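A.B. asks: To start, I am sharing the structure in question, which I have written as structure tokens.
The values are calculated or read from the model by the stated rules, or taken from the named source; none is laboratory data. Please read these numbers as outputs of a predicted model, since none were measured by experiment. No Cβ is skipped: glycine too gets one built from the backbone with ideal geometry, and neighbour counts run over all protein chains shown.
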Amino acid sequence: MSIDSASAELRAFDAAARLGGMSAAARELGLTQPTVSAHITALEKRYGVELFYRRGRRVELTGFGLSLQELTRRIFSAEYEAKTLLQQAQHQYAGHLHVWAVGPYNITPLLKQYRHHWPGVQFTVSIADSRRIVQQILDYQGDVGMPVHYVDHERITCLPYRRQRLVLFAALSHPLAQKSQLSLKQLEGQEFVLREQGSTTRRVFEHALKQADVRIRVSLEMGSREAVREAVAQGLGLGIVADTAYVADPRLRAIALTGPELYTHAHIICLKERKNARLLAHFLSLADTMKDPG
């Protein structure tokens, strides 16, 4: 068996393990699904091991498969770091960073400043909720992330960045839209449009409601801030959002919440093992200079 064949088989396994299926792995690798399956079957037959439990189109790692995945993660992460280092040597401060964030509002000013200092660096920005961001960083599917909560994990470096106050907003036609401020108690029984379960903003808001013994009705769950804003503008309920993410709209009015301040806190995360990589180190240093004081 050639070195190229072994590498192809391990890449096929790693992609299927990360993405949970042969078809998804084939799309990422630019191969056909039968080719990916053949690579993985070849590994299993050659070494007499079982790497996956097959469940229809989905696959689930066996115990041995989980152990092998830990190694392939390191292999392909090291390969990526080696290529990046060589590119940086060839083109000073050039390269690519894949950033994951909950939205564009906090991350884009940071990217603007980074590009000002190091214009040769290109970015890919992906949007997801905080839980997925953490997992993508752990799975080597991104270089740096910006979730809106502190991440306590042995493999992750987590730095505070910006505190975001939560604000209420309503359609102009809503009975509460003429109020300049409201307490949580005044929200009793109101209909809301909220992000899906897993949203840190939702978790913080619902925790505050529980502490205040206030019950609301969730009329809609939406998968993005933009979808929440549009649903609220159509009069389908009240909304809650971080002040940094509130977008002025002639159909909407922001309303201050009185009482204990509700906020989320954006953080910058990356893998501890990669924090000293040149482009990442620059990113962390710049974020530290731009973070909220105190």
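A.B. asks: For the list (1) touching a helix residue (DSSP H, G or I) at 6+ places or on another chain (Cβ under 7 Å); (2) surrounded by 15 or more Cβ atoms within 10 Å (Cβ to Cβ), I need the number of the one condition that ARG18 fails.
C.D. replies: (1)
A.B. asks: Can you name every residue in the range 2-46 that is not small (Gly, Ala, Ser) and not in a helix (DSSP H, G or I)?
C.D. replies: Within the range 2-46, LEU31, THR32 qualify.
A.B. asks: Also: Is it fair to say VAL193 is part of a strand (DSSP E or B) and surrounded by fewer than 19 Cβ atoms within 10 Å (Cβ to Cβ)?
C.D. replies: On the way: part of a strand (DSSP E or B): yes; surrounded by fewer than 19 Cβ atoms within 10 Å (Cβ to Cβ): no.
The answer is no for VAL193.
A.B. asks: Quick one: which of GLY142, GLY120, GLY103 is of a type in the set (Gly, Ala, Ser) and more than 28 Å from SER199 (Cα to Cα)? Explain how you work it out, then say what you get.
C.D. replies: Numbers: GLY142 fails: more than 28 Å from SER199 (Cα to Cα); GLY103 fails: more than 28 Å from SER199 (Cα to Cα).
Answer to the selection: GLY120.
A.B. asks: Can you tell me which of TYR114, TYR93, TYR80, TYR140 is among the aromatic types (Phe, Trp, Tyr), within 25 Å of the chain's Cα centre (by Cα) and at pLDDT below 85?
C.D. replies: TYR80
A.B. asks: Further, regarding this structure: Among the residues of the range 237-261 satisfying the criterion of being assigned to a loop (DSSP other than H, G, I, E, B) and within 14 Å of GLN181 (Cα to Cα), which is modelled with the highest pLDDT?
C.D. replies: Only one residue tops the list, namely THR258.
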